[in-house]
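Trainee: Can you keep this structure in mind? I'll have questions shortly.
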Amino acid sequence: MDSVTGRARTVLLSRAAFSMEAVKRASYSLMAQYDVSVAVSDDDIVCTLSPANKASPMDTAERDFRREVVDQDLRISIEQRTEAYRDTILGLAFSRTGLQDG
Amino acid sequence: MAKFRDVAAFDDSASSGYTMLPWRFTSLDDERYVATNMAGEYLAMSREEIFDFASGRLPANDDLYTDLKSRHFLIDADTDVAVDLLALKVRTKLAPLANFTGLHIFVTTLRCEHSCPYCQVSRANDDKREFDMTEETAMRALDLVFASPSPAIKIEFQGGESLLNMPMIRFIVAEALRRNATAQRNLAFVIATNLAVLDEETLAFAREHGILMSTSLDGPADLHNRNRPRPGKNSHEKAIDGIKRARTALGHYNVGALMTTTAASLSRPREIIDEYIRLDFGGIFLRPLSPYGFAIKTKTYAAYDQRKWLNFYFEGLDYIIDLNLAGHEFIEHYAAMVLKKMLTPLQTSYVDLMSPAGIGIGAIVYNYDGTVYASDESRMLAEMGDTTFALGNVHDNNFAEIMLGEALLNPLEQSFAGSVPGCSWCAFEPWCGAEPVFHHATQGDFVGKKPLSSFCTRNMSVFRGLISRMEADPEVRRIFERWANIV
């Protein structure tokens, strides 16, 4: 259950469903709109969103933040699943460049 | 005896066991996302399609599957050549890095007879010769120029007003040509000038040596003269006259012009573009102000925000698109450089859109006093008292000390967009730049907090604006593809 305190919004995210990394990335991505403080309870990651400025769209804060966490969670999943290919492609791209000795 | 595969093998309606290759996604608008692969090739997709693809649910008979496969977002049992092709494309994009440094800027003098309030370089009165480059400094700077491994070297003369020290330009050109007789580089020269003091001897010299000229043109006469005051209040008249004479002497396409957007420009993008068309230029570079030099001192930079500049930019871009749709070929250079990164496997040499950053390795500046700066913006910052990007001095340091010193390597390493917060997960990263000088100047560190960066805001908006227009109209895409292959 999420609560509203003044203009701040508290968003609870299940620790079983979302990584702290995704929450941190979402907080970073939305820093122009919201100041996000993050705490941890037994089951949840507790995120309190405060307006970063007068124009911060607090009416959509919870939706914006949840959506960004979901996106970031997926990005992290894609990065982890494709990491080996990324390393291979970069390795091939930089092979025999003549930039390194030996 | 060989047999056909079972009919089930040809049923591609089910999800098909594909393997994702590295890709990223960023919102395009409320409904759509942009997905890019490692080489910067993109697809616009819905949120549902993004999640279907990522979760392995995309059927092989879906059109999107074919698009993703052809752009190397996935491999399947039919082919895994995408890994090699992607590596080749990434290598092609990064190959120019080995050829540092291509652009060498010589500040022949800080003197200038203009007094533009937005000038990004502090200027000196035009009778103060202590702000002129000396022959000894020029010779030392040329040592560094020809130590660069780049097979193509462009020497650009800047100021102040570079032509106020024409003897130094003549000296540097002659000496560079002499050295190049043995160095055998692809050597080119550009004079950046306001053209106000252009004389026939200078034109004859430029013609003799194939020197290009680049000038400033801010728009119609009233706007240009307001932006660029000089004694006589005739900057526009001088520029137009100079452009015509230089074209006659050097050839039509060997004279370029750049505009800078001030608050007074914001309501007049069409008039500014019309002025470029009237003067028979093939395009325009709609440039925002930079946060350096006199632009800060005179508060010109603070006179408008990003939103106003973006409105100006897109009104101008749409006007240019309409001109092209009506048959008049004319390009917007910033869009064209971005489109080159979006639609071709090639890079642009525009320093602001390079990652690793273009400072030092894309362009380098030799100031009149011998100080070497990582970029033109770096010397502008130094004129404000911040010498963070001063790499050394031609009289004291050799090539290795300058190019391998911490003053250059630290910002290059720290700001690399592929590994910094905000950029590393952004689908637009393959098209964007690192810009450590801008972020140092505006936020106090080389990386900057991207959500608070006007550089990031501006580029994200431009990227989205270009893709939205391409996706909405195939004719616009055709025009954009032409632009991408011109610059």
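The values are calculated or read from the model by the stated rules, or taken from the named source; none is laboratory data. Keep in mind the model is a prediction, meaning the values are calculated, not measured. Don't worry about glycine lacking a Cβ; one is built from the backbone with ideal geometry, like all the others, and counts go over all protein chains shown. Protein only, heavy atoms only, side chains kept; ligands, DNA and RNA dropped before computing areas. Shrake-Rupley method; radii C 1.70, N 1.55, O 1.52, S 1.80 Å.
Trainee: If you check A:Val46, A:Val11, which single one turns out to be over 25 Å from B:Arg47 (Cα atoms), more than 14 Å from chain B (Cβ to nearest Cβ), open to solvent by less than 50 Å² (accessible area, probe 1.4 Å) and in contact with a Leu (Cβ under 7 Å, 6 or more places away or on another chain)?
Mentor: After ruling out the rest, the residue left standing is A:Val46.
Trainee: So, one more: Only one of B:Ala77, B:Ala98 is under 29 Å from B:Tyr350 (Cα atoms) and loosely packed, with under 14 Cβ neighbours inside 10 Å. Can you tell me which?
Mentor: After ruling out the rest, the residue left standing is B:Ala98.
Results for (1) over 24 Å from B:Leu258 (Cα atoms); (2) open to solvent by 70 Å² or more (accessible area, probe 1.4 Å); (3) in contact with a Pro (Cβ under 7 Å, 6 or more places away or on another chain), shown as yes or no for each residue.
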{"site": "B:Arg129", "(1), (2), (3)": "yes, yes, no"}
{"site": "B:Arg140", "(1), (2), (3)": "yes, yes, no"}
{"site": "B:Asp143", "(1), (2), (3)": "yes, yes, no"}
{"site": "B:Pro151", "(1), (2), (3)": "yes, yes, no"}
{"site": "B:Ser162", "(1), (2), (3)": "no, no, no"}
{"site": "B:Asn186", "(1), (2), (3)": "yes, yes, yes"}
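Trainee: Enumerate the pairs (first residue in the stretch B:425-438 and within 13 Å of chain A (Cβ to nearest Cβ) and in contact (Cβ under 8 Å) with a residue 60 or more places away in the chain; second residue anywhere and open to solvent by 10 Å² or more (accessible area, probe 1.4 Å) and assigned to a loop (DSSP other than H, G, I, E, B)) with beta-carbon separation below 7 Å, excluding pairs fewer than 6 apart on the same chain, so at least 6 apart or on different chains.
Mentor: Taking only residues 6 or more apart or on different chains, the pairs are B:Glu429/B:Cys423.
Trainee: Filter the stretch B:275-293 for residues that are modelled with pLDDT of 95 or more and either within 27 Å of B:Glu377 (Cβ to Cβ) or in contact with a helix residue (DSSP H, G or I) (Cβ under 9 Å, 6 or more places away or on another chain) (or both) and give the result.
Mentor: B:Glu275, B:Tyr276, B:Ile277, B:Leu279, B:Asp280, B:Phe281, B:Gly282, B:Gly283, B:Ile284, B:Phe285, B:Leu286
Trainee: Name the residues in the stretch B:94-122 that are facing another protein chain (nearest Cβ under 9 Å) and touching a helix residue (DSSP H, G or I) at 6+ places or on another chain (Cβ under 7 Å), would you?
Mentor: Listed by number, the list holds a single entry, B:Leu94.
Trainee: Residues B:Gly422, B:Gly448: which one is crowded, with 21+ Cβ neighbours inside 10 Å and either over 26 Å from B:Pro22 (Cβ atoms) or within 14 Å of another protein chain (Cβ to nearest Cβ) (or both)?
Mentor: Of B:Gly422, B:Gly448, the one residue that is crowded, with 21+ Cβ neighbours inside 10 Å and either over 26 Å from B:Pro22 (Cβ atoms) or within 14 Å of another protein chain (Cβ to nearest Cβ) (or both) is B:Gly448.
Trainee: I would also like to ask the following. Yes or no: the stretch A:18-38 includes at least one residue that is within 13 Å of the chain's Cα centre (by Cα), among the aromatic types (Phe, Trp, Tyr) and away from chain B (no Cβ under 14 Å).
Mentor: yes
Trainee: Among B:Arg24, B:Arg91, B:Arg57, which is within 13 Å of another protein chain (Cβ to nearest Cβ), open to solvent by 40 Å² or more (accessible area, probe 1.4 Å), out of contact with any Cys (no Cβ under 6 Å at 6 or more places or on another chain) and outside any strand (DSSP E or B)?
Mentor: Of B:Arg24, B:Arg91, B:Arg57, the one residue that is within 13 Å of another protein chain (Cβ to nearest Cβ), open to solvent by 40 Å² or more (accessible area, probe 1.4 Å), out of contact with any Cys (no Cβ under 6 Å at 6 or more places or on another chain) and outside any strand (DSSP E or B) is B:Arg91.
Trainee: Collect the residues in the stretch B:250-275 that are under 15 Å from B:Ser214 (Cβ atoms) and open to solvent by less than 50 Å² (accessible area, probe 1.4 Å), keeping them in residue-number order.
Mentor: Hits for the stretch B:250-275 are B:Leu250, B:Gly251, B:Val255, B:Gly256, B:Ala257, B:Met259, B:Thr260.
Trainee: To continue, here is another question. Please work out which one of (1) under 28 Å from B:Ala472 (Cβ atoms); (2) open to solvent by less than 60 Å² (accessible area, probe 1.4 Å); (3) not in a loop (DSSP other than H, G, I, E, B) is the condition B:Val83 fails and give its number.
Mentor: Tallying (1) under 28 Å from B:Ala472 (Cβ atoms); (2) open to solvent by less than 60 Å² (accessible area, probe 1.4 Å); (3) not in a loop (DSSP other than H, G, I, E, B), B:Val83 fails exactly one: (1).
Trainee: So, in the stretch B:60-72, how many residues would count as being away from chain A (no Cβ under 12 Å) and open to solvent by less than 40 Å² (accessible area, probe 1.4 Å)?
Mentor: Of the residues in that region, 4 qualify.
Trainee: Among the residues of the stretch B:27-36, how many are open to solvent by 10 Å² or more (accessible area, probe 1.4 Å), at pLDDT 95 or above and either under 15 Å from B:Arg71 (Cβ atoms) or within 11 Å of chain A (Cβ to nearest Cβ) (or both)?
Mentor: 1
Trainee: In the stretch B:451-480, what residues are part of a loop (DSSP other than H, G, I, E, B) and either within 15 Å of B:Met337 (Cα to Cα) or open to solvent by less than 40 Å² (accessible area, probe 1.4 Å) (or both)?
Mentor: If the condition is that a residue be part of a loop (DSSP other than H, G, I, E, B) and either within 15 Å of B:Met337 (Cα to Cα) or open to solvent by less than 40 Å² (accessible area, probe 1.4 Å) (or both), then B:Ser453 is the only one that fits.
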